[in-house]
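Questions regarding the structure given below will be posed in turn.
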Amino acid sequence: MVGMAAFLGGCYSSFSQIDDRVSALLDDSTGDVAGDAVPAPKGWADERLSDGTLDAPVPPTYNPPVDSFEFEAISTDNIEAVVARLEALQLENSESRIMTLAEALEWSTRNGREYQYAEESYVIECLQLLMERHLWGPRFFDTVSFDVDGEGNTGLYRSSMNIVNEFTVTQRLPYGGEVSAQYLASFAKNLHDSIGDGSLDTISSGTIILGAEIPLLRNAGPIAQENLIQAERDLTYAARAFEDFRRRYFFEIVTDYLDLLVQRQAIVNGQMSVELSQKVAGRQQALYEAGRVNFSAASLAENQALQEQSQQAKRWEAYRLGIDLFKVKINWPVEDNLRIQHVAYAIQPPDVEMAGSIAMGLARRLDLQTLRDQVVDRERQLRNARNQLLPDLGIVGSVAIPSELDEDGNSSFVPEFEDTDFNVGINLGIPLDREIEKLQVREVQVLLERERLQLSQEFDTAAVEIRTSIRDINANIFDLNIQKKNVEIAAMAIEFNKADPDRVRVLDQLQAIRDLQRAADGRARAFRNLQVSILEYLLTSGQLRIGADGMIDTLPGMQMQPTEDLSYGEPPA
């Protein structure tokens, strides 16, 4: 028994061997879909995470009473204190770490929760396939049973001890059925006699049993491998889904980063408006004190300057919230301060031909390929459902080879082929009741028709997405040029007002400041929209490729340059 346990222990893989097989299978499946990165989970979860409450029927709840809290109010009239707090936050932000777009992409690829979840989903499909493959290899089973029987007779008991060891090997057949080999060894000892007369005699026997079950109609053929086939295909789907996720994840990270760029530029533009408004307010106050303008003009300018300060505080708060959400997105420590670098890399707009881009995009999309193949899965399911309408017809057989017996009637565990017993038969199950199976055929037919309709709709939707992204590129190019022109016009108006402020009404001066800010904000948003539309076109047309470091792989002819060359006259602060 000890030797058999050691042998069986060597038959099974260690966890490190399983990890190696998972890694090899992930490499193969990723290579089959021309993926750019292979999941590399950093560790496996264990059961020590909640040792304190793992078996607690009622988990503890922390909900302190109201009298344990403290709330300290501050004055809303102290404007200087509020401004001082805002300036302190800005100073704190200015001293925090600066993260580039490339660093954000690399960090999110290594640490992002969504990315890790996608990796683990891929690994789970790999483990499912390895489990299914194991079922199609030789499987070993060994069962040892031990029991003691007692038979009472007028107050006396005759007892015996029995040990039975059953060792079995099974193997599934490719087109249905199973073959098995079994060795049955038993040991029996009469304990009453051994105690009474010191006898140590043991009755033992051993038998080799070979068996087979092979279906000929129902459950015969490729249907026998249905679970294995589906598991193999599911791994391919998982490889496609992971690669598709990496592209969409890159798109989301870059979009969020560009949104932060727009918010940061809005702060720069807002600070410009604050300074210009304060200059107008100071000049109008001086003119009022000199008696050259009335009080309404001075108060209007001061009110505008205060409003600009209020709006600037809101911009800072929105930006800090955006930074915090971005840190959550890439799984950066929320308590750590972080800034984004104002320079990112922008893609020059591509020259796109509509019809050809749509046709090639539909052919390249990984998600559409998976949907198409899942329709094939449903067709195979329909074929298998029809197979269940057939009669049950199969061949069964077994061969039993006992062991030789010695002079005492005990087994020597040497096969006695001359006493071999065999049995061969054919089982026929007449299909008198196949109503449920017929209903299942109809159900699969309906599901197949539904998935074909869904596939058609998904292809049409994808074509619309590609067409829309191409149109968005052209529209955003036009909008960016308009917004650049608006900035030039608004800047000229500011310079005109500076040249002769006495001849310009205060309302016109304040309106010019607002126009310049709106134009500068619009230019930043237009740049962001253009870059997002370019990336969306690459994504929806199946051309976006992401390297193992999370950065985009540049396509032949693709030109990339710093963002300020496409959007800003000068780099933002």
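Can you tell me the FRET efficiency between MET272 and ASN337 if r is taken as the Cβ-Cβ distance and R0 is 25 Å, rounded to the nearest 0.05?
0.50
Given a Förster distance of 56 Å, report the FRET efficiency between ARG471 and ARG21 from their Cβ-Cβ distance, rounded to the nearest 0.05.
So, using R0 = 56 Å, E works out to roughly 0.70.
Find the all-direction average of the projected area of the Cα convex hull for the range 377-502, expressing the result in square nanometres with one decimal place.
Averaged projected hull area, Cα only: 23.3 nm².
Just want the ordering: GLU125, GLU418, from fewest to most Cβ atoms lying within 10 Å of their own Cβ.
Arranged by neighbour count, lowest to highest, GLU125, GLU418 become GLU418, GLU125.
Further question on the same structure: ARG450 to ARG545: extension gain in nm, 0.36 nm per residue of separation minus the Cα-Cα distance?
Working it through step by step, the gained length comes to 31.0 nm.
So if we plug the beta-carbon distance of THR554 and TYR175 into 1/(1 + (r/R0)^6) with R0 = 41 Å, what FRET efficiency do we get, rounded to 0.05?
Efficiency for this residue pair is about 0.25.
Please give every one of the aspartates and glutamates within straight-line cross-link reach of LYS498, meaning a C-alpha to C-alpha distance under 14 Å, and leave out same-chain neighbours fewer than 8 residues apart.
Answer for LYS498, where 14 Å is the Cα cut-off: GLU275, ASP508, listed by chain and number.
Could you check the spin-label model distance between ASN227 and GLN561? Points 7 Å from the Cα along Cα→Cβ, value in nm.
6.1 nm
Further, regarding this structure: Considering only the other residues whose Cβ falls under 15 Å of the Cβ of LEU216, what net charge follows from Lys and Arg at +1 and Asp and Glu at -1?
-2
Turning to a different aspect of this structure: Could you give the nm distance between label points at ASP460 and ALA56, where each point is 7 Å from its Cα heading toward the beta carbon?
5.6 nm
What full-extension length gain, to one decimal in nm, is calculated for GLN511 and SER96 as 0.36 nm per residue of separation minus the Cα-Cα distance?
Length difference between fully extended and current span is 145.9 nm.
Next question, about the same structure. Could you tell me which of the pairs LYS279/LYS329; LYS314/LYS485; LYS327/LYS485; LYS279/LYS485; LYS279/LYS327 are separated by over 29 angstrom between their Cα atoms in the structure shown?
Violating the 29 Å Cα-Cα cut-off are LYS279/LYS329; LYS327/LYS485; LYS279/LYS327.
To continue, here is another question. Taking just the alpha carbons, could you work out the radius of gyration and Dmax for the range 252-367, both in angstroms?
23.0, 75
Next question. Taking the Cα-to-Cβ direction at VAL396 and at ASP28 and moving 7 Å from each Cα, how far apart do the two end points lie in nm?
So the two model labels end up 3.6 nm from each other.
Values in this text are rule-based calculations from the coordinates and carry no lab data. Model, not experiment: these values are computed from the prediction. FYI the Cβ positions are ideal-geometry reconstructions off the backbone, even for glycines, and counts take in every protein chain you see.
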